[in-house]
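What follows is a set of notes on a single structure, which appears directly below.
The values are calculated or read from the model by the stated rules, or taken from the named source; none is laboratory data. All figures in this text were calculated on a predicted structure; none of them were measured in a lab. FYI the Cβ positions are ideal-geometry reconstructions off the backbone, even for glycines, and counts take in every protein chain you see. Only protein heavy atoms, including side chains, enter the accessible area calculation; ligands, DNA and RNA are left aside. Shrake-Rupley method; radii C 1.70, N 1.55, O 1.52, S 1.80 Å.
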Amino acid sequence: MEGPTADPGFNQRALQELFRETSERAMEWQYTISVSVMEIYNEMLRDLLSSDPTYKLEIKMNPEGGLYVPGLTAVQVKSVDDVNETFSIGKSNRATASTNMNEHSSRSHALLCVTVTGTNKTTGVRTLGKLNLVDLAGSERVGKSGSDGARLKEAQNINRSLSSLGDVIAALRSKQSHVPYRNSKLTYLLQDSLGGDSKTLMIVQVSPVEKNVSETLCSLNFAQRVRTVELGMATRKADSAEVAELRERLASYEGNSSRSSTPSRLTKTTKR
């Protein structure tokens, strides 16, 4: 997804466009951009920028709407190079292993979450946007990969979470009243991205090798189902200057209260 410098991949192109847009609007808007890197390993959510990447995090529902992860490390960035440097740290902590199908097989789903907060310099109106760049671990046929022991458990959890993603896609496609986001950490964490007020793009990678034709067909069929899903129009999230100020005060109060009542385990925010 990153690609070489001479031919950047999807992630790099998206980030370059983001920083180009914020630079062009710098006369009217002031932007703060922060990134977090997570993985979902064996149905456990882990912070890959933490001093203890194996610590299990929880997903919480915000009373005002949306989801958040308490204790997640966020790094403020000023450029694509800053994002890449931060992501490299996260990737070094990601769970990988060797199987019969892949020498460097990802054993988890990885998420690079970019949060953009913009404040209009004239009106004080504040907007909040999120860009989630997700690298899904591939589905795995245990008979071919030769997974056993810990690798088998990893494969089972990967396949289960991808199956849950398929269930969510099916529910969205048929416009069901209940969408089973909570059936896995992956779909629960991506609920905001898969909901009706966002734009979602999925790229399916398939193998050109003839012996993997059954997996390729399975992936293409899944992609076809995803293609028929209609999420509706994306909406813009904006607060007035007064509401933005109240949110800042509340966040400051909650942060101070949390630090005084619990011992510090992680560095919550690192400013560059």
Which order do you get for Lys175, Lys56 if you rank them by accessible area with a 1.4 Å probe, largest at the top? Lys175, Lys56
As a test question: what accessible area, to the nearest 10 Å², does Ser163 have when a 1.4 Å probe is rolled over all protein chains in place? 60 Å²
Net length gained if the chain between Ser88 and Val204 were fully extended (0.36 nm per residue, minus Cα distance): 39.5 nm
Spin-label zone in the stretch 179-194 - amide nitrogen under 20 Å from a point set 7 Å from the Cα of Cys218 along the C-beta vector: 184-187
Provide the per-residue ³J(HN,Hα) series for the stretch 216-226, in order, calculated from phi with Karplus coefficients 6.51, -1.76, 1.60 and θ = phi - 60°, each as a whole number of Hz, with x at glycine and proline positions. 4, 4, 4, 5, 5, 5, 5, 4, 5, 5, 4
Would you mind calculating the relative contact order of the stretch 149-214 from Cα pairs under 8 angstrom and at least 6 residues apart, reporting the percent as a whole number? 21 percent
Heavy-atom SASA rank of Ile203, Ile33 (probe 1.4 Å, accessible area, largest first): Ile203, Ile33
Can you pick out the pairs among Lys60/Lys175; Lys56/Lys185; Lys60/Lys185; Lys78/Lys130 whose Cα atoms lie more than 18 Å from each other? Lys60/Lys175
Sorting Met38, Met61, Met44 by accessible area (1.4 Å probe), largest first, what list results? Met61, Met44, Met38
I'd like the per residue volume of the convex hull spanned by the Cα atoms of the stretch 1-72, given in cubic angstrom. 154 Å³
